[in-house]
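What follows is a single structure, written as structure tokens, with notes after it.
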Ligand SMILES: NC(=O)C1=CN([C@@H]2O[C@H](COP(=O)(O)OP(=O)(O)OC[C@H]3O[C@@H](n4cnc5c(N)ncnc54)[C@H](OP(=O)(O)O)[C@@H]3O)[C@@H](O)[C@H]2O)C=CC1
Ligand SMILES: N[C@@H](CCC(=O)OP(=O)(O)O)C(=O)O
């Protein structure tokens, strides 16, 4: 497609999305739930077709030398297929937030003022090559009465097309507009440029991605954004930590999945406990051949570890999304908090400690979307927080912070009931 064709194509997509959003805003809960259940049935029924489309994507991605953690993210395993369908069923079981009226109060003038929960309208989502996001995002947008334009990572295009077909089938089966969920059918990034500059059709952009994406969006976007960006997540092991808990948490936060945004990228260890905890952790990381990039002190303690390198300041700012971990020794919780507030991407940070006051200080003073005590950063996730599913994890401060579920895709408008009152 030429740039002119892309402009025209995206304009059409936008118009269709806007029209569909009007129908979705007034769709009843039963129809929305029916659509979600039909999509779940179709996903299970067409699992072979989805696997085949995913194989096509994986072969191209392997040919292009995509990193193992990114291939892991792109892979639609049997478990991932089952989880997508279950995720939709979980969204069905969540209460419909739309139309809920709250905070009704009589004013001295006689009018009654309250708030009604309403959809945002059209949501453009730009996300990585992770096919399950297509279904999670579609499901949440349907239930919250929005329409959505989905621009997934190029490497997942075939799988996303196959999934979009099933989503449309479910919408049509429930009598809802198929255009409520559209995927951008071209991988040309010019389409992203159009998506972020059509405020007449798109109400909110949700970008899920890294620095390149956000730099472009900050320069070009004319649509408000809820930014879901990189995860430079920390675990701080305090000198009052329970060592067994520290080992489990620091291992899980790094090694459960390398390619996700809630994976730990920097480990901070209090000087007083480092000689006891770091060698034991190194044994665990050694089983996965994790490269440790330590400051001078950490390297002295870890001497002999086969995958050891020197950390530079750049490492404190790096999201590896790989089997690499930066390690720094700090004096205490104060230095840990200072380091985190200087280098974290305000996504998710955790402390391991048995000391109540330090835990509370960490919770209050670390300025991140999720702050945890004695738990793995990998828990920062909509399913794990009980939201049913997530659009992603917002590191923005306005509108929605942390895992964004149904409520994050809605807003509140004021509703006023009178009996003929006029203002004096
Ligand atoms: N907070 C959260 O919820 C999430 C955060 N992330 C973060 O995303 C990053 C990793 O994902 P990765 O796939 O590398 O992210 P990228 O930023 O490379 O890609 C994400 C999406 O943005 C598009 N994109 C990237 N750059 C541009 C650009 N300049 N112009 C137009 N479109 C662009 C990509 O398209 P294309 O396919 O063409 O490259 C893709 O669709 C990590 O930093 C991770 O932490 C990821 C998911 C969730
Ligand atoms: N919430 C997700 C991680 C968020 C996410 O989607 O991240 P990414 O793998 O970077 O696309 C999870 O816990 O797996």
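The values are calculated or read from the model by the stated rules, or taken from the named source; none is laboratory data. Here the structure is a predicted model, which is why all the values come from computation and not from measurement. All Cβ positions, glycine included, derive from the backbone under ideal geometry; neighbour counts span all protein chains shown.
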Please note which strands (runs of 3 or more DSSP E) are completely contained in region 76-180 and include at least 2 residues that are surrounded by fewer than 20 Cβ atoms within 10 Å (Cβ to Cβ) and in the same structural domain as residue 217 (by TED's automatic domain parsing).
101-106, 112-119
Test: residue in region 39-47 that is out of contact with any strand residue (DSSP E or B) (no Cβ under 9 Å at 6 or more places or on another chain) and part of a loop (DSSP other than H, G, I, E, B)
yes
Just the residues that are outside any loop (DSSP other than H, G, I, E, B), out of contact with any helix residue (DSSP H, G or I) (no Cβ under 7 Å at 6 or more places or on another chain) and either surrounded by fewer than 19 Cβ atoms within 10 Å (Cβ to Cβ) or at pLDDT below 95 (or both), please, taken from region 307-338.
309, 313, 314, 324, 334, 335, 338
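Quick check on region 342-351. Is at least one of its residues more than 20 Å from residue 228 (Cβ to Cβ), in contact with a strand residue (DSSP E or B) (Cβ under 8 Å, 6 or more places away or on another chain) and not in a loop (DSSP other than H, G, I, E, B)? Explain how you work it out, then say what you get.
Of region 342-351, the ones more than 20 Å from residue 228 (Cβ to Cβ) are 342, 351.
Going one step further and asking which of them are in contact with a strand residue (DSSP E or B) (Cβ under 8 Å, 6 or more places away or on another chain), we end up with 351.
From what's left, not in a loop (DSSP other than H, G, I, E, B): 351.
Within region 342-351 (the criterion being more than 20 Å from residue 228 (Cβ to Cβ), in contact with a strand residue (DSSP E or B) (Cβ under 8 Å, 6 or more places away or on another chain) and not in a loop (DSSP other than H, G, I, E, B)), the answer is yes, since at least one residue qualifies.
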Of everything in region 322-342, what is under 19 Å from residue 370 (Cα atoms) and under 23 Å from the mean Cα position of the chain (by Cα)? Give them in sequence order.
340, 341, 342
For region 299-311, which residues satisfy the criterion of being within 24 Å of residue 362 (Cβ to Cβ) and under 32 Å from the mean Cα position of the chain (by Cα)?
311
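Name the single residue, out of those in region 352-386 being assigned to a helix (DSSP H, G or I) and buried (at least 20 other Cβ atoms within 10 Å of the Cβ), that is farthest from ligand 1 (Cβ to nearest atom).
Here the answer is 358.
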Considering 290, 235, 269, which residue is within 16 Å of ligand 2 (Cβ to nearest atom) and within 28 Å of the chain's Cα centre (by Cα)?
235
Looking only at region 206-263, count every residue that is within 20 Å of residue 315 (Cα to Cα), assigned to a strand (DSSP E or B) and near ligand 1 (Cβ under 8 Å from one of its atoms) and tell me the total.
0
